[in-house]
Amino acid sequence: MFHVKPPTRRLHLFDLDGTLIRGSAAAVEISRQLGLVDEIAALEEGFLRGLTPDEFAVQARELWSALTPEQVAAAFDGAPWLAGIREVWAEIKAAGDHCAVISLSPDFFVERLLDWGVDTTHGSLWPAVPFTEPIHRPGILDARAKVRIAKELCAGYGVTTADCVAYGDSMSDAELFAIVPESVAVNADHHLAGLYRHSYSGGDLREAYALVRNSAA
Ligand SMILES: [Mg+2]
């Protein structure tokens, strides 16, 4: 008997807001459909004063009380996505690797990316659109939850955080960047300074992926 060590599989973990969506966020694009860009900007400024993600969700839920499924679809379709997302996910999967999106944004928006070929998505648990239910605060994710979900995904795929590649742009990605060996700061702000392995500025995810394509241990 002999044993052939299988090739190491990698798990690629993508942030959504500011990373796959360049210079914007799901909440901004949803608000744009409702004519509430200024209102959501004011709410997002609350994060600077310590507003928690669950309180943000409660207030956004009030702001978006009339949101329709058609407006969610329009927000998704109109968002400033990086080019090449589907192509990168297809290449990752063709290589035998896995890919996931972990986002604090509403699950009803994030899960639409399954249609683009990502293996799995995790977003904050929101009520279905149109809203009839209130926000269930424990379902709203925070930055720490990203690490917890990443570790759960690793267990599910039979890999470790040492096999992960993280792509992110801001403070909510810092904890994840700190525990994975490969990371790509995508159009990132100063919060990730010194934490990333690679950095990319531009509009095409294929170029960001090229930085880590051949770096598997
Ligand atoms: Mg982000």
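Every read-out reported here was derived from the displayed coordinates using simple, explicitly stated rules and does not represent laboratory data. In this text the structure is predicted, and so the values were computed from the model without any measurement. As a convention, Cβ positions derive from the backbone with ideal geometry for all residues, glycine included, and neighbour counts pool all protein chains shown.
For the chain, what is the mean residue ellipticity at 222 nm derived from helices alone (per DSSP H run of n ≥ 4: -39500 (n - 2.57); sum divided by total residues; nearest 500 deg cm²/dmol)? Mind showing how you got there, number by number?
Values: 9 runs with 79 residues, N = 217.
Helices in the chain give a 222 nm mean residue ellipticity of -10000 deg cm²/dmol.
Springs between alpha-carbon atoms under 10 Å, Gaussian network over the chain: tell me which of D15, D204, D173 tops the mean-square fluctuations.
Comparing D15, D204, D173 in the GNM, the peak value goes to D204.
Run the numbers for A83 and R197: contour at 0.36 nm per residue of separation, minus the present Cα-Cα distance, in nm.
That works out to 38.8 nm of additional length.
Once Lys and Arg get +1 and Asp and Glu get -1 on their Cβ, which of V101, G50, G78 lies farthest toward the positive end of the dipole of the stretch 1-103?
It is V101, whose Cα lies furthest towards the positive end.
Pulled fully out, how much extra length does the chain show between R144 and F131, if you take 0.36 nm times their separation in residues and subtract their Cα-Cα distance?
In short, 2.0 nm is gained.
As I understand it, the dipole of the chain uses +1 on the Cβ of Lys and Arg and -1 on the Cβ of Asp and Glu, about the Cα centre. Which of A26, I179, V37 lies farthest toward its positive end?
I179
Rounded to the nearest 5, what % of DSSP beta bridges with both residues in the chain are antiparallel?
For the chain, the DSSP antiparallel bridge percentage is about 5.
Around G139, with a cut-off of 14 angstrom between Cβ atoms, what is the net charge of the other residues, counting Lys and Arg +1 and Asp and Glu -1?
The answer is -3.
Principal axis extents for the chain, Cα atoms only, whole Å, descending order, please.
63, 36, 29
Which chymotrypsin sites (Phe, Trp or Tyr not before Pro) in the stretch 1-79 pass both tests, a DSSP loop state and at most 16 other beta-carbon atoms within 10 Å? Can you show the working numbers first?
Details: sites: F2, F14, F47, F56, W64, F76; in loops: F2, W64.
Loop-located and lightly packed - F2.
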